[in-house]
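What follows is calculated from the coordinates using simple rules that are stated; it is not laboratory data. Everything numeric in this text was worked out from a predicted model, so none of it was measured. Backbone-built Cβ (ideal geometry, glycine too); neighbour counts: all protein chains shown.
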Amino acid sequence: MTAAGLLGDIAGVGADPRRGGFSRHGFDRSELELREWFRAAAVARGLDVETDRNGTMWAWWGPPGDGAVVTGSHLDSVPGGGAYDGPLGVTSALVAVDLLRARGFTPGKPLAIAVFAEEEGGRFGVACLGSRLMTGALDPDAARRLTDPDGVTLADAVRAAGLDPAGLGPDPVAMARIGVFVELHVEQGKGLVDLGAPVAVASSILAHGRWRFSFAGEGNHAGATLLTDRRDPMLPAAQVVLAARRAASGIEGARATVGKVVPNPGGTNVIASTVDVWLDARAEDDFRTRAVVADISDAARVAAEEEGCTVTVTEESYGDTVIFDPALRDDLAATLGDVPALPTGAGHDAGILAAHRPTAMLFVRNPTGISHAPAEFAEASDCAAGAAALADVLAHLAR
Ligand code: GLV
Ligand code: MN
Ligand code: MN
């Protein structure tokens, strides 16, 4: 079976007719169905599957052990996301095992496929939730209190999925098992298209994070309330959207995005009483990222005051710039015949693990350059090239 074929097997899971693409979120029905699919696919390959305290699934080729060669990715998506972000890394890992078996390879070290929970933060708001919990980058008490849009806490969601919420948090046993981690991922830009190559290794990830701007004003009637009598939190909320573009434009390489705005109560003929706005900001380093956020926060405060509203700004997640282990990156690039190295603006579990373990990524060409949207794509031949490259890398690392 090919990686593209395996993606075809799961194409019916979490398909979102309203948004287009897929909506698969941590511990929801779709993601749990994909977990069962992964379990069956791994067991069919003779791998032993276990789920750790933070909901990470591990499929072991041979006995689990410390210092393993680990590959994998995630199965959740953004709301209305593409088919490849996450699942391509998981399916390619399964195919890489098939390829290695067909080559008669036997790992000289423990080897595992890991599937991390809620990488996109599409349900509970914190990206790379599973890997942040495992590494200790996220306080487990704060994590347990996270809520989804329906008010379900992470604690309740993991309990419903058969995990003990008390077990969430730093997991030194799981960490000790990772000797090296390699995540294969669809490229989320056009770097490989421009280079005319199917596969690259990753060089770096931008510093990035998420901030919630909560504006409070006064709910009232859209027709009966004079403009001069209003305290409408939607006005300063709109200023955040505009300030995000302006602030990021002023700093080379910076990006700032408002992709989610939630007015409460959210009626056409109702002046909202509160509005939550989520900002995603990224730049080359911590200093530039924080400068963008500070600029937008200042604009939000001024706009809130002008409208008689209040605003609180909360950092929901943050990760500094990641430079992937240069020696490992060069070793893998050479193993694959001097493939190019590309930076990315997208976050990954590999980026979280990079602070703790030698970590690398492989990117597979995306002809559309689009990601986090249904147009995300990779040709079947490039998926095959990616899986073969992953097999080569695993064979090299687990020799
Ligand atoms: C995840 O893909 C992110 O970059 O937010
Ligand atoms: Mn993503
Ligand atoms: Mn991803």
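Observations on the structure shown:
- Note on E305 and D320: the model spin-label points, each 7 Å out from Cα along the C-beta direction, lie 3.3 nm apart.
- Site pair R399 and E50 shows an inter-label distance of 3.0 nm when each label is modelled 7 Å from Cα along Cα→Cβ.
- For the chain, the longest principal axis of the alpha carbon atoms and the long axis of helix 234-249 meet at an angle near 50°.
- Counting only DSSP H runs of at least 4 residues, each contributing -39500 (n - 2.57), and dividing by the residue count of the chain, the helix-based mean residue ellipticity at 222 nm comes to -10500 deg cm²/dmol.
- Full extension of the segment from R212 to A197, taken as 0.36 nm per residue of separation minus the current Cα-Cα distance, would add 1.5 nm.
- The length gained by stretching the chain between T268 and R103 to full extension, at 0.36 nm per residue less their Cα-Cα distance, is 53.2 nm.
- Taken about its Cα centre, the chain carries a charge dipole of roughly 400 debye when the Cβ of each Lys and Arg holds +1 and the Cβ of each Asp and Glu holds -1.
- Computed FRET value (nearest 0.05) for M1 with D285, which takes r as the C-beta separation and R₀ as 30 Å: 0.10
- Model label points for V43 and K260, set 7 angstrom from Cα along the Cα-to-Cβ axis, are 3.3 nm apart.
- Helix 286-306 axis, angle to the chain major axis (alpha carbon atoms, nearest 10°): 20
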